[in-house]
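**Q** Next up is a structure, given as structure tokens.
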Amino acid sequence: MNALPAPLRHRPSHRTRRLLLAPAVVTLFLWMIVPLAMTVWFSLIRYNLMQPGEHGFAGLENYHYFLTDPDFWPSVRHTLVLSASVIAITVVLGTGLALLVNEPFPGRGIVRVLLVSPFFVMPTVNALLWKHMMMNPIHGLLAQVWAFFGATPVDWMTDVPLLSVVIMLSWQWLPFACLVFITALQSLDRELLDAARLDGASRFQRFRHFVLPHLGRSIAVVVMIEMIFLLSVFAEIFTTTSGGPGNESTNLAFLVYKQALMNFDVGVASAGALIAVLLANVAAVFLIHLVGRNLD
């Protein structure tokens, strides 16, 4: 009778593999469930940092207070507008830049590195760079350009605060979209494009019928990943506009911050955080279905 090969003799059983994975799985589960359970509990009690002795049960009162806050629906609208605008800008410009950089030209490697560089800038540094170096109404670069053409410089953070945040976020996320699209274009069949060109297809027709369908999966992935991060944007708003003027640039994440650390109401902030998580999960389910259709 032949002995079993060495790899089969030493292969652990299915039960043993589960036992070895159990500590990591339990740790990750506790890492997720404990903060979530604490947030749910805080959302059901009266917990104001200015009144540390009062922790009575509030039921759904905190949720009602947050949902009826005059800033709630404007913050939801700003969150959706911010996310949709940044995604649209990065997808359109990222596709265009990817098509340009994908063509061979001298120094293409250096250009690709420069295109990707803004994605590695920290959010706070990105916000400070745009606030003081680009959008400052007195000595910012855009103010100098406006003055050069004889126009009145724009006070971006006051006049168009939400647009300012959209611009700085688009600048930071554009390299990510461009990098994904460049990677996808590397696998595009060049012979197919050359054959279409020889058959008389124009550039637009080649893009519409060959390039765009090929980028469908990459676009879906970019939209999903960017949406997940953009729904929770905080650092850029906190550093530049602080949600103002008024509530003109307040999103859901910053509204939760205002309730927690400006109004000192942990209960209402916890309820708002759970509502924001619920809305983010609804968007995530929609995007997962979108990605799934593109991956089929």
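The values are calculated or read from the model by the stated rules, or taken from the named source; none is laboratory data. Remember, it's a predicted structure, so these values are computed and weren't measured experimentally. Note: ideal-geometry Cβ built from the backbone for every residue, glycine included; neighbour counts use all protein chains shown.
**Q** Quick check on this structure: which one of Leu115, Leu93 is of a type outside the set (D, E, K, R), touching a helix residue (DSSP H, G or I) at 6+ places or on another chain (Cβ under 8 Å), closer than 29 Å to Val223 by Cα and at pLDDT 90 or above?
**A** Numbers: Leu115 fails: at pLDDT 90 or above.
The conditions single out Leu93.
**Q** Find all pairs meeting these conditions: Cβ atoms under 9 angstrom apart; at least six residues apart or on different chains; first residue within the range 25-42 and surrounded by 10 or more Cβ atoms within 10 Å (Cβ to Cβ); second residue of a type in the set (Val, Ile, Thr).
**A** What qualifies is Leu36/Val277; Thr39/Val277; Phe42/Val266.
**Q** For the range 189-219, which residues satisfy the criterion of being exposed (fewer than 13 other Cβ atoms within 10 Å of the Cβ) and polar (S, T, N, Q)?
**A** Ser202, the sole residue that qualifies.
**Q** Looking only at helices (runs of 4 or more DSSP H) that lie completely in the range 200-285, which have at least 2 residues being free of Cβ contacts under 8 Å to residues at least 60 places away in the same chain and over 23 Å from the mean Cα position of the chain (by Cα)?
**A** It comes to 203-206.
**Q** Here are the criteria: (1) surrounded by fewer than 19 Cβ atoms within 10 Å (Cβ to Cβ); (2) over 30 Å from Leu100 (Cα atoms). Tell me which single one Ser270 does not satisfy.
**A** For Ser270, the failing item is (1).
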